[in-house]
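A.B. asks: Sharing a structure below in structure tokens format, with a few things to ask.
Coordinate-derived values only; no laboratory data. Treat the numbers as computed from the prediction; the structure is a model and nothing was measured. Every residue, glycine as well, gets a Cβ built from its backbone with ideal geometry; the counts of neighbours run over all protein chains shown.
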């Protein structure tokens with residue numbers, strides 16, 4: 001099956017710093033999503049981005065489908081950005097698989 | 001807004017019990033998914049369904065079964081709960097296999 005790799009596994013930042021999270025995938029995909037898991041375990045949708053670039057406030061994402069990777073940018077990080085960030089890919093039309101996640105800690 | 005609702009936030013069951021985890025979505029989505037999440041292992045797919053009464057095994061179906069009798073509801077069944085099934089269970093739905101997926105709030109199941 002498809003392999004989804006996220007890096008780095010852990011990231012510690014000072015408040016105000018910028019960061020880039022990466023997601024590599026091993027095969028062609030039908031879509032790609034980024035999620036943030038809050039402290040209560042809920043997965044919050046950040047971006048639905050099978051290709052191209054999107055921005056939402058301090059967050060932006062870019063997917064280069066032909067090169068099989070996606071990047072999530074967080075600018076001017078805040079303590080509330082802490083948590084685990086997952087990318088998930090859909091392939092074979094009906095299946096959705098996750099990377100292992102990046103745990104982000106933003107210190108005040 | 002899409003709403004995916006899981007029946008319980010926290011659940012404690014005894015070893016050997018039959019356990020039902022329920023998930024309901026209100027957006028007429030075709031696809032529904034069940035995942036479990038364990039520390040260090042990320043989200044692993046248990047089962048998914050792409051239509052009523054249709055199901056496909058994911059990566060870790062052993063010890064689980066599912067039911068989808070109506071489009072809006074996807075149930076995960078632990079036939080005989082065991083302590084190694086203690087985990088966070090997450091349900092998701094999407095309009096199609098290529099569309100954006102949305103998650104429920106999760107159920108933390110403890111089997112004692």
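A.B. asks: Taking the condition on the phi > 0 side of the Ramachandran plot, in contact (Cβ under 8 Å) with a residue 40 or more places away in the chain and more than 14 Å from chain A (Cβ to nearest Cβ), does residue B:16 pass?
C.D. replies: yes
A.B. asks: In addition: Which numbered condition trips up residue B:10, out of (1) more than 9 Å from chain A (Cβ to nearest Cβ); (2) within 12 Å of the chain's Cα centre (by Cα); (3) more than 26 Å from residue A:48 (Cα to Cα)?
C.D. replies: Result: residue B:10 fails condition (2) only.
A.B. asks: Check A:38, A:31 and return the single one that is in contact with a strand residue (DSSP E or B) (Cβ under 7 Å, 6 or more places away or on another chain) and facing another protein chain (nearest Cβ under 9 Å).
C.D. replies: A:31
A.B. asks: Another one. Would you pick out the residues in the range B:2-42 that are under 29 Å from residue A:6 (Cα atoms) and either out of contact with any strand residue (DSSP E or B) (no Cβ under 7 Å at 6 or more places or on another chain) or assigned to a loop (DSSP other than H, G, I, E, B) (or both)?
C.D. replies: Residues satisfying the conditions are B:2, B:3, B:9, B:29, B:30, B:39, B:40, B:41.
A.B. asks: Condition test on residue B:109, is it surrounded by 14 or more Cβ atoms within 10 Å (Cβ to Cβ), more than 8 Å from every other protein chain (Cβ to nearest Cβ) and in a strand (DSSP E or B)?
C.D. replies: When the stated conditions are applied, residue B:109 passes them.
A.B. asks: For the range B:82-98, enumerate the residues that are in contact (Cβ under 8 Å) with a residue 24 or more places away in the chain and more than 22 Å from residue B:40 (Cβ to Cβ).
C.D. replies: Selection gives B:93, B:94, B:95, B:96, B:97.
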